[in-house]
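Worksheet: one structure, shown below.
The values are calculated or read from the model by the stated rules, or taken from the named source; none is laboratory data. It should be emphasised that the depicted structure is a prediction, and the values quoted were computed from it without experimental measurement. All Cβ positions, glycine included, derive from the backbone under ideal geometry; neighbour counts span all protein chains shown.
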Amino acid sequence: MSFSCRNGLLLEATEVYIAGTVTIANPAYSTKSCRYGAEALREAALLIRAGEPVAVPTETVYGLAADATDSHAVAAIYSAKGRPSFNPLIVHVSDRAMAERLADFSPVAMRLADRFWPGPLTLVLPVRTDSGLSPLVMAGLPTVALRLPAHPAMRALIRESGRPLAAPSANRSGSISPTRAEHVLASLNGKVRMILDEGPTSEGVESTIAAPDADQVRLLRPGPVTAAMLEEASGLPVVIGNGAHKIEAPGQLESHYAPSKPVRLNALRAEKDEYLIGFGLMPCHINLSPDANVREAAASLFAALHIADASAAVKIAVAPVPMEGIGAAINDRLKRAAA
Ligand code: TXA
Ligand code: MG
């Protein structure tokens, strides 16, 4: 092979037990993790066009991407993740023209897209009847969640495959989100054919999800684009949560992003058997940001949880992280990890 790939272990043709609890079916192939580049991109796009999911970095977390117009491909995402039911997925686009072929943009939506795209903001918008999207992507809702990511690898994959890509985080359902190719390999080896590796992601937590109404913006998931930033850009009040609209989706579930060990929050010191994740100068096993910088903490959050989960300690403790800026998203994820 002329480009740089590593193969995951080819698992035996038997059932595989993970952490003594979950059984996954006989894996059919080994997963290869390839350094992002022209050749790897071409191969990934061929897989996408053949209806196969591919793991690809975005600026937030690695996504498990598949053709959003192909129901078989979308179903393959769910089966690789072991997600028990169909929930709406975010559709990633490479430019505004592609986005406007999929959904209707109100003036408020236009303003938010102008200000934050490309970047870590997902907009929930009325889906167009001629969008061509698989109905599985919306899971029966009249809206679609759209995102124009900033990461060159994801955008290039969308362009090269010529398809909008549905992409949840590239991990087994309910577990910690991946911010490195190694995390994806550890979680989905044997479940996906290919991972595009472009190093650690820069933002570290999933995109902000917002639904713009005519007179307000609903903040459905906190992320790198904060409520204050949405308010400033839209000129409208931002309400937290979904108001009267009801949607049940995994990122909104109480327990999500969960390590396999108990997690204690607002810890100032490690108790016996605990692995302490610190913030700011303090004695701890790993530190999200010795300088107490919330952006740095967001970028290292999931990697720290992965390391704590793999440590010999039986429990995880996490220091308090302030709510300022992206700190709201960090606390949201920590609360779900501890639930
Ligand atoms: O940063 C991210 O957004 C990552 C990367 C890979 O781009 N993607 C991601 O996708 O987090 P996913 O599929 O895990 O996010 C799905 C979430 C659901 O939990 C749900 O809350 C919301 O998006 N969602 C999707 N469609 C929706 C809709 N029509 N209405 C409301 N929420 C929706
Ligand atoms: Mg996820």
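Taking the criterion of being assigned to a strand (DSSP E or B) and within 17 Å of Arg128 (Cα to Cα), the residues of the range 141-172 that qualify are Thr143, Val144, Ala145, Leu146, Arg147, Leu165, Ala166.
Looking at the range 119-137, is at least one residue farther than 26 Å from His72 by Cβ and either of a type in the set (A, V, I, L, M, F, W, C) or in contact with a helix residue (DSSP H, G or I) (Cβ under 6 Å, 6 or more places away or on another chain) (or both)? Yes, because at least one residue in the range 119-137 is farther than 26 Å from His72 by Cβ and either of a type in the set (A, V, I, L, M, F, W, C) or in contact with a helix residue (DSSP H, G or I) (Cβ under 6 Å, 6 or more places away or on another chain) (or both).
Would you check if Gly199 is within 16 Å of Ser33 (Cβ to Cβ), among the small types (Gly, Ala, Ser) and either at pLDDT below 95 or not in a helix (DSSP H, G or I) (or both)? Criteria met by Gly199. Residues that are among the small types (Gly, Ala, Ser), within 11 Å of ligand 1 (Cβ to nearest atom) and touching an Asp or Glu at 6+ places or on another chain (Cβ under 8 Å) are absent from the range 129-148 altogether.
Here is a check on your reading of the model: is Ser79 closer than 26 Å to Leu219 by Cβ and of a type in the set (Ser, Thr, Tyr)?
Details: closer than 26 Å to Leu219 by Cβ: no; of a type in the set (Ser, Thr, Tyr): yes.
Here the answer is no, as Ser79 does not meet what is asked.
So which residues in the range 185-194 are part of a loop (DSSP other than H, G, I, E, B) and within 16 Å of ligand 2 (Cβ to nearest atom)? If you could, list the steps in order and put the result at the bottom.
Looking only at the range 185-194, we keep the residues that are part of a loop (DSSP other than H, G, I, E, B), and these are 189-193.
Passing the criteria: Lys191, Val192.
Considered as a group, the residues in the range 84-98 that are more than 16 Å from ligand 2 (Cβ to nearest atom) and closer than 27 Å to Ser173 by Cα include one that is farthest from the chain's Cα centre (by Cα), and that residue is Ser94. Considering each residue of the range 130-152 in turn, at least one proves to be surrounded by fewer than 24 Cβ atoms within 10 Å (Cβ to Cβ) and either within 16 Å of ligand 2 (Cβ to nearest atom) or not assigned by TED's automatic domain parsing to the domain that holds Gly63 (or both).
Taken together, the residues in the range 152-172 that are away from ligand 1 (no atom under 15 Å from the Cβ) and touching a strand residue (DSSP E or B) at 6+ places or on another chain (Cβ under 6 Å) amount to 1.
Assess whether Leu102 counts as being more than 10 Å from ligand 1 (Cβ to nearest atom) and under 22 Å from Ile240 (Cβ atoms). No, not satisfied. The number of residues in the range 89-129 being touching a residue at least 60 places away in the same chain (Cβ under 8 Å), of a type outside the set (A, V, I, L, M, F, W, C), under 18 Å from Thr69 (Cα atoms) and assigned to a strand (DSSP E or B) comes to 1. Number of residues in the range 162-184 that are more than 19 Å from Ala299 (Cα to Cα) and either surrounded by 24 or more Cβ atoms within 10 Å (Cβ to Cβ) or more than 9 Å from ligand 2 (Cβ to nearest atom) (or both): the value is 7. The residue pairs whose first member lies in the range 204-218 and is over 16 Å from Pro126 (Cβ atoms), whose second member is away from ligand 2 (no atom under 16 Å from the Cβ) and small (Gly, Ala, Ser), and whose beta carbons are closer than 8 Å, counting only pairs six or more residues apart or on different chains, are Gly204/Ala299; Gly204/Ser300.
Search the range 202-222 for residues being touching a strand residue (DSSP E or B) at 6+ places or on another chain (Cβ under 7 Å) and assigned to a loop (DSSP other than H, G, I, E, B), and hand back the single one that is nearest to Pro149 (Cα to Cα). Working first, answer last.
Just the residues of the range 202-222 that are touching a strand residue (DSSP E or B) at 6+ places or on another chain (Cβ under 7 Å), to begin with: 206-212, 216-222.
From the residues that got through so far, the ones that are assigned to a loop (DSSP other than H, G, I, E, B) too are 206-207, 216, 222.
On the way: Glu206: 11, Ser207: 9, Gln216: 24, Pro222: 16 Å.
Among residues in the range 202-222 that are touching a strand residue (DSSP E or B) at 6+ places or on another chain (Cβ under 7 Å) and assigned to a loop (DSSP other than H, G, I, E, B), the one nearest to Pro149 (Cα to Cα) is Ser207.
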